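Single-structure report; data block below.
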Amino acid sequence: MTVTAVPERTRPGDEAAGRSLAGLLVTPVFLVAVSAALYLYVRGLDLDAIERRSLNRSEITHQFLQHIRLVAVSTALVLAIAIPLGVLLTRPRLNRLSAPFLALANVGQAVPSIGVLVLLAVTVGIGFQKAVVALILVSALPVLRNTMVGLQGVDRSLIEAGRGIGLSRAAVLFRVELPLAVPVILASVRVAVILNVGSATLAAFTNAGGLGDLINTGISLNRTPILLTGSVLTAVLAMAADWLIGIVESVLRPRGL
């Protein structure tokens, strides 16, 4: 009797894992390709003295790291301020203060980023710290609002169930409410980081450094290679930050959501 071998079926979980891994690799591969294309483009040009001074390796590395520092510090402070404030404003005793705080945060985002930077430069001065304050004002609203929306969207029956099994209010917050609100909060963190990466280019006008220096130099001196380098590196940094936060979001997202 002839026995026919039955081909082994691929499990759905394996297929999903394969697609997920492929999706994770698309963005970094694309960013590496774009960076390599930019490098080859600049390397193939006959640069003048101004372009060579702005596009040397040490200068680009310095501006790139300054930009990352601006984004990292401002985003960390936004999270340290907006998330605890959003939690406090959803508590029953402070809920009535949510509207004034949201209105104040709305002002920071409604005013154009360059307006906030210039206003701070005129009133309190220029430099790294003032630029960080401006970036906080620009990007705090999404995190504050989504923290409140995420916590307010938690099913009340789950909160009551937690209280019913003897959990304290703090335990319910940290073990029930915040884990369920994580996807909404992380979505706002994603928005805040992208806002900061783009807005930090304007910090060059307040002597805070960053890739905005390259963009400003390229525009003011009509040097396309310098302008293109600053713009492309800013876009690469924004996409890389978005990709990293997407990974963090998938790791921190509670199972089943």
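The values are calculated or read from the model by the stated rules, or taken from the named source; none is laboratory data. Predicted, not measured: the structure shown is a model, and the values here were computed from it. Cβ placement follows ideal geometry from the backbone for every residue including glycine, while neighbour counts extend to all protein chains displayed. Ligands, DNA and RNA are excluded from the accessible area calculation, which covers all protein heavy atoms including side chains. Shrake-Rupley method; radii C 1.70, N 1.55, O 1.52, S 1.80 Å.
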**Fill in**
Of (1) modelled with pLDDT of 90 or more; (2) of a type in the set (Gly, Ala, Ser); (3) in contact with a helix residue (DSSP H, G or I) (Cβ under 6 Å, 6 or more places away or on another chain), residue 235 satisfies every one except (3)
**Prompt:** Quick one: would you say residue 159 is among the hydrophobic types (A, V, I, L, M, F, W, C) and modelled with pLDDT of 90 or more?
**Reply:** no
**Asked** Are any of the residues in segment 238-248 open to solvent by less than 40 Å² (accessible area, probe 1.4 Å), farther than 15 Å from residue 50 by Cα, modelled with pLDDT of 85 or more and part of a loop (DSSP other than H, G, I, E, B)?
**Response** no
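Across segment 27-74, which residue is most open to solvent (accessible area, probe 1.4 Å) among those that are among the charged types (D, E, K, R) and part of a helix (DSSP H, G or I)?
Going through segment 27-74, the residues among the charged types (D, E, K, R) turn out to be 43, 46, 48, 51-53, 57, 59, 69.
Right, trim to part of a helix (DSSP H, G or I) and you get 43, 51-53, 57, 59, 69.
Working: 43: 165, 51: 19, 52: 134, 53: 149, 57: 195, 59: 61, 69: 133 Å².
Only one residue tops the list, namely 57.
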**Item:** Unique match (being in contact with an Asp or Glu (Cβ under 9 Å, 6 or more places away or on another chain) and closer than 25 Å to residue 244 by Cβ) among 158, 144, 180
**Value:** 180
